[in-house]
Amino acid sequence: MHVVGGGTRNALLCQLTADACGLPVVAGPAEAAALGNVLVQARAHGLAGDLPGMRRLLTRTQPLTRYEPRGGTERWRAAQARLAGG
């Protein structure tokens, strides 16, 4: 799962997301909207390549953090059932 925006600055949130979903979480960049805006404008002015090239640029210049699930999704499923009234 890819997470972008300000929440990526919260390591606990990202780890709990990975744990709850049972999926790896790749977090970053925190300023995704601003970076996307700059890239679209650069492309419109002929300064940036195609979409895959822009993605490679972001990958090379922006730190990404990977969070692996720690197992134990049973607790999360039980909590979900409680919230759903089941």
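The values are calculated or read from the model by the stated rules, or taken from the named source; none is laboratory data. As the structure is a prediction and not an experimental result, all values here were calculated from the model. Counting neighbours? That spans all protein chains shown, and the Cβs are built from the backbone with ideal geometry, glycine included. Remember, those area values only see protein heavy atoms, side chains included, never the ligands or the DNA or RNA. Shrake-Rupley method; radii C 1.70, N 1.55, O 1.52, S 1.80 Å.
At a glance:
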item	result
Residue selected from the stretch 54-76 under the condition farther than 20 Å from Leu12 by Cβ and not β-branched (Val, Ile, Thr), by the criterion surrounded by the most Cβ atoms within 10 Å (Cβ to Cβ)	Met54
Within the stretch 21-40, tally of residues that are open to solvent by less than 60 Å² (accessible area, probe 1.4 Å) and under 14 Å from Val3 (Cα atoms)	8
Cβ-Cβ under 9 Å pairs, at least 6 apart or on other chains, the stretch 48-59 side in contact (Cβ under 8 Å) with a residue 60 or more places away in the chain, far side exposed (fewer than 12 other Cβ atoms within 10 Å of the Cβ) and assigned to a helix (DSSP H, G or I)	none
